[in-house]
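Below is one structure, written out as structure tokens, with a few remarks after it.
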Amino acid sequence: MRKALISVTGLDATGIIARVATKLSELNINILDISQTILGGYFTMMMIVDISGAPVDFDGINQALEPIREELKMEIHMQRMDIFDAMHRI
Amino acid sequence: MIETGEILQTLRMIQEEHFDVRTITLGINLLDCSDRDPQVCAERVYEKICLMAKDLVSTGEHIEREFGIPIVNKRISVTPVSLICQGDPLPIARALDRAAKEMGVNFLGGYSALMHKGATRADERLLASIPEALSTTERLCSSVNVASSRAGINMNAVREMGQVIRKTAELTADRDGLGCAKLVVFANAVEDNPFMAGAFCGVGEPECAINVGVSGPGVVKRALEEVKGEPFDIVAETIKRTAFKITRVGQLVAREASQRMGIPFGIVDLSLAPTPARGDSVAHILEEMGLESTGAPGTTAALALLNDAVKKGGVMASNHVGGLSGAFIPVSEDIGMIEAAGKGNLTLEKLEAMTCVCSVGLDMIAIPGDTSAETISGIIADEAAIGVVNHKTTAVRVIPAVGKKAGDRVEFGGLLGYAPVMPVNPCGNAAFIARGGRIPAPLHSLRN
């Protein structure tokens, strides 16, 4: 399993989770955990996903998310979970 | 599963507190490039570096993207050039600079000589060539080891380095003496240091190795803000915990770079390296402990605590810790130091005391342009004595600001920053420096 964190932030709107989740499903990326909140009108979502089944590499996934970034006008960042595991788990 | 709070803490460290991996430095052994003909040697050096380092920058950028952690510098360190040059070392200097540009690294270190006990002819040729080498290249860094706890202090080398620094400053006077920012004089130099300008690949090192330097003064400062007014036991514990987290990321990046490039992992250097950016200052950590300004009485104790706690926290987080490891106190590269020196709160003498307990030495200090070579040599000798007697690495990287006097300002740009010219004690020492010879190693060097 290769875990990554996907964070999505920006102005709240209808259908953000649906749009992102659909794209991830197309890429055969499994969502393991999800948390979402609205802070002062700002939508903030963090997803922990498994990218090992994706047909493309890390940069490829990032590229595939690009149209969603533009369409939703949201900040979407993806990074490997290893950095959080290294920092917070022994 | 990692909790949301932990994820947010890591993201805040990176986005708001300037946490980064400061450098991935690839050490490359060049001993097999030596040749009687300097041009042939230079060509071999260029080819070997371009072969070994071809994936360095792209690998660093990949890791940066995937892990979401900035890797500020990708650099190269090589075998001290005096060990491979059998004639004129300048063609090698130019080849190294060319290779650094070709590989896309911002600095390449190793235009160096190890002469703590004495000089070979190659060492002498290299020393004489340093001013020209540094004034005619862009990315080359130079260092000279003039003392060690085992061998004592080579006072001939100390004398010569005073002159080399002056000459380098004069040849780069149009750039505020920038050449001297790329020149370090060491006592007890380490072989696996990834930080510039003093990085070189020592003779005990493997064919090549990945050495990683982490940083994060801003993260430590922020952590200390949470324990305002608490006793020092808690201050030390807080720094240790933070250093542990920072170093774990350094270890992760080092392991990843090593695997991807198929090059052995050397060490993680767990240093707090400041930059001139606000929120990235070692001086501000000291001030957070309760000092009005760095330089106030108590500064040395605060730095000693910081340096020690960083090591204690970091050492458990990596399987090989090395390099310089501790807290750097470069004046021009630290906004808090710049301000303290500018106000006159931080003097050269106080900095000297601080070097007894920091990880290196007098670093990035601009001194008046009329400072004599002998005075510079005296500063080097004092610093070397601190290193030799205390079994630690010390160094001098001073920049004589040609045409400027105390209170004026020099500007190097980028990570090298800017600095107020600091006053230097003008008392003469020419007869002391003229003696030459070697100051014997201290008694406690005989440990066997």
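The values are calculated or read from the model by the stated rules, or taken from the named source; none is laboratory data. Not measured: the values here are computed from a predicted model. Don't worry about glycine lacking a Cβ; one is built from the backbone with ideal geometry, like all the others, and counts go over all protein chains shown.
How about the range B:309-340: which of its residues are under 13 Å from B:SER359 (Cβ atoms) and more than 18 Å from the chain's Cα centre (by Cα)?
Within the range B:309-340, the subset under 13 Å from B:SER359 (Cβ atoms) is B:309-311, B:314, B:321-330.
B:ALA309, B:GLY314 - these are the residues of the range B:309-340 that are under 13 Å from B:SER359 (Cβ atoms) and more than 18 Å from the chain's Cα centre (by Cα).
Would a scan of the range B:296-314 turn up a residue that is buried (at least 24 other Cβ atoms within 10 Å of the Cβ) and farther than 30 Å from B:VAL249 by Cβ?
no
Determine, yes or no, whether B:VAL45 is touching a helix residue (DSSP H, G or I) at 6+ places or on another chain (Cβ under 9 Å), among the aliphatic types (A, V, I, L, M) and crowded, with 24+ Cβ neighbours inside 10 Å.
yes
The rows are residues; the columns are (1) touching a Phe, Trp or Tyr at 6+ places or on another chain (Cβ under 9 Å); (2) under 25 Å from B:ASN307 (Cβ atoms); (3) free of Cβ contacts under 8 Å to residues at least 24 places away in the same chain.
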site: B:ASP382; (1), (2), (3): no, yes, no
site: B:PRO400; (1), (2), (3): no, no, no
site: B:LYS405; (1), (2), (3): no, no, no
site: B:PRO423; (1), (2), (3): no, no, no
site: B:CYS427; (1), (2), (3): no, no, yes
site: B:ALA434; (1), (2), (3): no, no, no
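Among the numbered criteria (1) surrounded by fewer than 16 Cβ atoms within 10 Å (Cβ to Cβ); (2) within 14 Å of chain B (Cβ to nearest Cβ); (3) modelled with pLDDT under 95, which one does A:ILE31 miss?
Condition (3) is where A:ILE31 drops out.
With A:MET46, A:MET78, A:MET87, A:MET74 as the choices, which residue is buried (at least 18 other Cβ atoms within 10 Å of the Cβ), in contact with a Phe, Trp or Tyr (Cβ under 8 Å, 6 or more places away or on another chain) and within 10 Å of chain B (Cβ to nearest Cβ)?
Just one listed residue meets the conditions, A:MET78.
Checking the condition crowded, with 24+ Cβ neighbours inside 10 Å, outside any loop (DSSP other than H, G, I, E, B) and modelled with pLDDT of 95 or more, which residue from B:THR59, B:THR25 passes?
Just one listed residue meets the conditions, B:THR25.
Just to be sure, is A:ASN62 on the phi > 0 side of the Ramachandran plot and either polar (S, T, N, Q) or more than 10 Å from chain B (Cβ to nearest Cβ) (or both)?
no
When residues of the range B:372-390 are filtered for being surrounded by 23 or more Cβ atoms within 10 Å (Cβ to Cβ) and either more than 23 Å from B:VAL410 (Cβ to Cβ) or of a type in the set (Ser, Thr, Tyr) (or both), how many remain?
6
Looking at the range B:218-250, which of the residues that are among the polar types (S, T, N, Q) and surrounded by 22 or more Cβ atoms within 10 Å (Cβ to Cβ) is nearest to B:THR23 (Cα to Cα)?
B:THR247
Tell me the residue from B:ILE7, B:ILE14 that is assigned to a helix (DSSP H, G or I), free of Cβ contacts under 8 Å to residues at least 40 places away in the same chain and among the β-branched types (Val, Ile, Thr), please.
Testing whether each residue is assigned to a helix (DSSP H, G or I), free of Cβ contacts under 8 Å to residues at least 40 places away in the same chain and among the β-branched types (Val, Ile, Thr) leaves just B:ILE7.
Please enumerate the residues belonging to the range B:274-329 that are of a type in the set (Val, Ile, Thr), within 23 Å of B:ALA340 (Cα to Cα) and outside any helix (DSSP H, G or I).
B:THR275, B:THR294, B:ILE329
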